[in-house]
Structure formats: structure tokens, C-alpha cells
1. Pick from D219, D161, D104: which residue has the top mean-square fluctuation in a GNM of the chain where Cα pairs under 10 Å get a spring?
2. I'm checking a number: the convex hull volume of the Cα atoms of the stretch 138-247, normalised per residue, in Å³. What is it?
3. Measure nothing but the geometry: give the 0 to 90° angle between the long axis through the Cα atoms of 40-52 and the longest principal axis through the Cα atoms of the chain, rounded to 10°.
4. For the chain, take the longest principal axis of its alpha carbons; what is the angle in degrees between that and the long axis of helix 187-197, to the nearest 10 within 0 to 90?
5. For the chain, what Kirkwood radius comes out of the mean inverse Cα-Cα distance, in Å?
6. Which length gain, in nm to one decimal place, applies between A98 and V121 when the Cα-Cα distance is subtracted from 0.36 nm times their residue separation?
7. Once you charge only the Cβ atoms, +1 for Lys and Arg and -1 for Asp and Glu, what is the size of the charge dipole of the stretch 2-126 about its Cα centre, to the nearest 20 debye?
8. Round to the nearest 0.05 the FRET efficiency obtained for Q229 and R191 when R0 = 25 Å and r is the Cβ-Cβ distance.
Amino acid sequence: MVIEDIFKALGDPTRLRIARLLGTMELAVGELAQVLGQSQPRVSRHVGILCDAGLAERRREGSWVFLRQADAEGAAAPIIEAAQALLAIAESAEPAFAELCEADRRKLAAIRAARETAAEVYFARHASEWDDLRALHSPDAEVEQALAAALADAPLGAVLDIGTGTGRMAELFAGQAERIVALDKNLEMLRVARAKLQHLPTAQIELVQGDFADLPHGDASFDTVLLHQVLHFATDPAPALAEAARVLRAGGR
């Protein structure tokens, strides 16, 4: 029975902590082991039990396997949702469990910071060759043609290019835009973009350092918002998408 499997899976302190952590963000087994202070094989066994019970899901990304809280679907959905809600209630009602969860989240913050640092180091190291590297992961010409076709039916107006990288999207759509703000978190990438875009009139292009989860722009500031090969670097894409929607004008794209 589903209910029996779920309660058996949650009948262990480590699995309770894992379930709460996966409700926060996707994590690899190694990252979970780092937070929990346990070996990867031991954590893998706990994760397997949670997955078998329908409380967690695996997602492969290259050679990495990421784990996330399961989406409640099908006939078992109400039971899974109730179990997830019960964990949240337990944390608010049980001081000892709450203390464990809070300590785990502090360690999780260090993992978030390490991920961001690794991405920034990677960008800084490969900024000058980033356009070539992008082509290894997706067919740039096809992607650019599809984007151009999707945006060809109307003027772009004011454009925000989030995660501009080397400035390729800004360069591609400069002829259709009134002005473009090219935003990136990494200063080295912005330096490369500045060199690529220096032929554009200064009134048309602005390069800005900023975080896609906390855009330095007011509400309804742009007619078009671009996110190209960016969201996979977000721990959680939802805040970045919410920020993109916030700065987009009504009827924008």
C-alpha cells in the first residue's frame, strides 16, 4: 500500500531530513552526503527508499544524478501531498526536528555558494571562448533562427537580455530593438560583451551587472525579455522567471 510505503520511508531521522532538504532544492547525492555528514553509499540507500515510496525523484544530467521532491501525481497524489505537508508541520511543531532542519539549511547555503562560485570561475576562465563552447551544447544557428522567427512579427521595443554572456543575443536583435540592456552577473563576461557590442550606438546598448533573481530594474520596464542558455544555471528557475515577468510590460514578450 502507498500509505504504508510512505510511512516506512519516513520512519528514519535521516530520511526525514533528506525529504525536507529536497523540498528546498534539487541536490546530487554527493551534496546530500555533504550536508548530512554521511557516506554517499549510505545516503544513496536512503534516497532509494524515498524514491521507491514516491516521495523523491531522480533526474539525470550528464554524468550527474539530481534528486528532487516528487511531484504528486495520480491516485497517490493526495497521500504524497499530505505527507509533504506533515513534514512542514512537524518542523514547526517539533523543536528538535526544526533545529536539525535549520542546521541542514545552513550547510545547504554553503553548497549554493559553492555552485555559484564554480559557475563564475567557469565563466571567467572561458569567457573569451564562450560562443564556441555554447555551440557544443546546442545548435546555435537553429536556435537563433527560431528565436528570430518567433520575434519577427513586431518591433522589440526595449529589450532586456538576461544572462547576456558574450552579448550574442543583444548583437543578434540590435537591429530590431529601440534599446537593449544586456545583463550578466559575471564581470569578465560583461567585458567580453562590451568588446563585441562596442560598434552599437551607446544610446542603444547598456551593459549592466546584476542577478537574474533580483533584477535591478523597475516593474514593467521592458517590451521584450530574453533568457537564452541561462536558466539551467539557476538553482531554482522560478525566482528568475518571476523577475522576468515583473519587469515585462503588459502585452510584452
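1. D219
2. 102
3. 90
4. 30
5. Over the chain, the inverse of the mean reciprocal pair distance is 20.7 Å.
6. 4.8 nm
7. It comes to approximately 520 debye.
8. 0.85
All of the numbers you see were taken from the coordinates with simple rules; none came from a lab. Every value quoted in this text rests on a predicted model; they were computed, and no experiment measured them. Neighbour counts run over all protein chains shown; Cβ positions are idealised from the backbone, glycine included.
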